[in-house]
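The values are calculated or read from the model by the stated rules, or taken from the named source; none is laboratory data. What you are looking at is a predicted structure, and each value in this text was computed from that prediction instead of being measured. Quick reminder, even Gly has a Cβ in these numbers, built from the backbone with ideal geometry, and neighbours come from all protein chains shown.
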Amino acid sequence: MMDKKTGIVIPCLNQGEYMEEAILSVIANKKHADIELVIMDGGSTDQTLSIIKKYEADISFWHSGPDGGQAAALNRGFQISGSCRYLMWLNADDVYEDAYSVKKIVDFADENGYEVCYGLSHFMDAQGRITGEYPVEPFDRRALGDHCYLSQPAVLFSRRAYEKTGPLNEKLQMCLDYEYWIRLARKYEFGWIQEYIAATRMHAQTKTATMQAVHVKEAIAVLQQYYGRVPVHWAVTKALTEHPQKLLHAIPRRLLMGLLYPWKAKIIRDCLKNVKDTEEKTK
């Protein structure tokens, strides 16, 4: 059997509140899979470094210092994991579902000959409580040109696929994963394992209006670049993030929701809640 070593890169910057949980979820998986853990820190000033040093024995490589952003940190981490057949990345505020998550997706890729695989994923809150399911769908290249149905921490790709596809786009801040899935899908058929692989955390820092606006702006630019069109639900979402008060008063909420995909509902609810809170404060 071919070597199935998996390189897992954790990019981080001042995520000390959640970092230990992310590291421990990887360490748990190391008991059942051949894993090389690489941590790329952008120069954290909170407790992140002390947490990394606490688990140094289980970390293959770590570095802390200014970088060119998350994509640049990941690309460097993937280069460092040069001996690994498979690659994954886990954000510092996310976790693997259980101690067998990596083994399950690696075995699935290996046994079925997939260069890219993805699994199911949960949403969780700041306290780590499961709040819902990421709307994962069967692989469909056309659907990927409409919306992202892959949960980033539940995706695995081979080093061969990474080298043939090229590095992550370092100009992107929020949609680096979505843009990469689109590029990978142009070359490979994705395998879908219907097992829970990871949980992605939704907390205050991930829900700011600025981050939502950047996410939507980048997604629209990516879709325009690769497909030459922008689905209407993206245009509506962009309008909501830029002018929520105007749309809230001009268009019934039910109609707005009907124009959007379910996975965007949380973004929209947050936008509408912010508008309502602002209006109540000004009364």
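The sole residue among 253, 186, 269, 229 that is exposed (fewer than 14 other Cβ atoms within 10 Å of the Cβ) and at pLDDT below 55 is 269.
In the stretch 128-143, the residue that is surrounded by the most Cβ atoms within 10 Å (Cβ to Cβ) out of those that are touching a residue at least 40 places away in the same chain (Cβ under 8 Å) and over 14 Å from residue 189 (Cα atoms) is 134. If the condition is being part of a loop (DSSP other than H, G, I, E, B) and either out of contact with any helix residue (DSSP H, G or I) (no Cβ under 9 Å at 6 or more places or on another chain) or loosely packed, with under 13 Cβ neighbours inside 10 Å (or both), then the stretch 99-127 contributes 113, 125, 127. With respect to the conditions (1) of a type outside the set (Ser, Thr, Tyr); (2) in contact with a strand residue (DSSP E or B) (Cβ under 7 Å, 6 or more places away or on another chain); (3) assigned to a helix (DSSP H, G or I), residue 139 falls short on a single one, namely (3). Using the structure shown, decide if residue 42 is assigned by TED's automatic domain parsing to the domain that holds residue 154 and exposed (fewer than 14 other Cβ atoms within 10 Å of the Cβ). Spelling it out, it is not the case that residue 42 is assigned by TED's automatic domain parsing to the domain that holds residue 154 and exposed (fewer than 14 other Cβ atoms within 10 Å of the Cβ).
Criterion first (at pLDDT 90 or above, outside the structural domain of residue 173 (by TED's automatic domain parsing) and either over 14 Å from the mean Cα position of the chain (by Cα) or outside any helix (DSSP H, G or I) (or both)) does residue 199 satisfy it? No; evaluated as a whole, the condition is false for this residue.
Within the stretch 83-98, is there a residue that is in the same structural domain as residue 181 (by TED's automatic domain parsing), in a strand (DSSP E or B), under 14 Å from the mean Cα position of the chain (by Cα) and among the polar types (S, T, N, Q)? Within the stretch 83-98 (the criterion being in the same structural domain as residue 181 (by TED's automatic domain parsing), in a strand (DSSP E or B), under 14 Å from the mean Cα position of the chain (by Cα) and among the polar types (S, T, N, Q)), the answer is no, since none of the residues qualifies.
The residue list 119, 128, 113 contains one member that is modelled with pLDDT of 95 or more and in contact with a strand residue (DSSP E or B) (Cβ under 8 Å, 6 or more places away or on another chain), which is 119.
Can you tell which of 28, 57, 71, 33 is in the same structural domain as residue 104 (by TED's automatic domain parsing), under 20 Å from the mean Cα position of the chain (by Cα) and modelled with pLDDT of 95 or more?
On the way: 28 fails: under 20 Å from the mean Cα position of the chain (by Cα); 57 fails: under 20 Å from the mean Cα position of the chain (by Cα); 33 fails: under 20 Å from the mean Cα position of the chain (by Cα).
Among 28, 57, 71, 33, only 71 is in the same structural domain as residue 104 (by TED's automatic domain parsing), under 20 Å from the mean Cα position of the chain (by Cα) and modelled with pLDDT of 95 or more.
Based on what the data block shows, is residue 47 in contact with a helix residue (DSSP H, G or I) (Cβ under 8 Å, 6 or more places away or on another chain), surrounded by fewer than 16 Cβ atoms within 10 Å (Cβ to Cβ) and at pLDDT 95 or above? It is true that residue 47 is in contact with a helix residue (DSSP H, G or I) (Cβ under 8 Å, 6 or more places away or on another chain), surrounded by fewer than 16 Cβ atoms within 10 Å (Cβ to Cβ) and at pLDDT 95 or above.
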